[in-house]
1. Each residue of region 112-126 in turn: what ³J(HN,Hα) in whole Hz from Karplus with 6.51, -1.76, 1.60 and θ = phi - 60°, glycine and Pro shown as x?
2. Under 8 Å for C-alpha pairs, at least 6 residues apart: give me the relative contact order for region 40-172, rounded to a whole percent.
3. For an R0 of 25 angstrom, estimate the FRET efficiency from the Cβ-Cβ distance between ALA168 and VAL103 and round to the nearest 0.05.
4. When you take every Cα atom in region 40-172, what is the radius of gyration, and what is Dmax, the widest Cα pair distance, in Å?
5. SER86 to THR66: extension gain in nm, 0.36 nm per residue of separation minus the Cα-Cα distance?
6. How high is the FRET efficiency between VAL180 and ASN114 when r is their beta carbon distance and R₀ equals 41 Å, given to the nearest 0.05?
7. Put a dot 7 Å past each Cα toward the Cβ at THR144 and ASN73; how far apart are the dots in nm?
8. Under the Karplus relation 6.51 cos²θ - 1.76 cosθ + 1.60, θ = phi - 60°, what is the ordered set of whole-Hz ³J(HN,Hα) values for region 40-50, x standing for Gly and Pro?
Amino acid sequence: MKHIRTKILATSLLLAALSPTAFAADGTIVFTGEIKGQTCSVAGEGRPAGDFTVVLPNVPSSLLNTGGNIAGNTPFAITLSNCTASLKKAAVYFEAGGNVDAVTGNLNNNAATNGAKNVQIALSNNDGSPIKLGAAYHAQNSKTVDIAGGNATLRYQAQYVATGTASAGLISTTLRYSVVYP
């Protein structure tokens, strides 16, 4: 009798192991997008090819002696020209990366020697509304502009922002960006 129970148990385990597991699909995800041909020629601060430098002014550390203080507001622009006629709007997506503080959405200082402490660089739109760098495209608050006559200018501002009592020193950081055509 014991031998029969062992055979039944072994057969049951074998059948359970060989039975396909049933999973039901809960939904479908659809991914869409578009690959554009030639879009626009990109320049920043008058430099072609999209790479450029924004030089913030020298400011005294006393202006950044308390967390949240802002100084050195510096306007800059990304210009688009020779845009494909079908493109009507453009915006900039400021990408996440090792220099972006995920909490504040600002740029960390990466000056290797004599770097200022407790200070970041924040970006805002030309109207002063803040941009949260590295956030999802629609959550960044980067403004969209119209493309007219194949051209557009996207205007922004950069400024120092204290994260505590800032010390004197150098500021150096980088940020990657992509022009998008919503």
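Just so it is clear, none of the values below were taken in a lab; they were calculated from the coordinates. As the structure is a prediction and not an experimental result, all values here were calculated from the model. Here the Cβ positions follow ideal geometry from the backbone for every residue, glycine too, while neighbour counts run over all protein chains shown.
1. Calculated HN-Hα couplings, in order: 6, 10, 6, x, 5, 10, 6, 9, 10, 10, 10, 10, 9, 6, 4 Hz.
2. 35
3. 0.55
4. My reading of the Cα-based Rg and Dmax gives 15.9, 50 Å.
5. 2.4 nm is the gain from fully extending SER86 to THR66.
6. 0.65
7. 2.7
8. Each residue of region 40-50 in turn: 9, 7, 10, 9, x, 6, x, 9, x, 6, x Hz.
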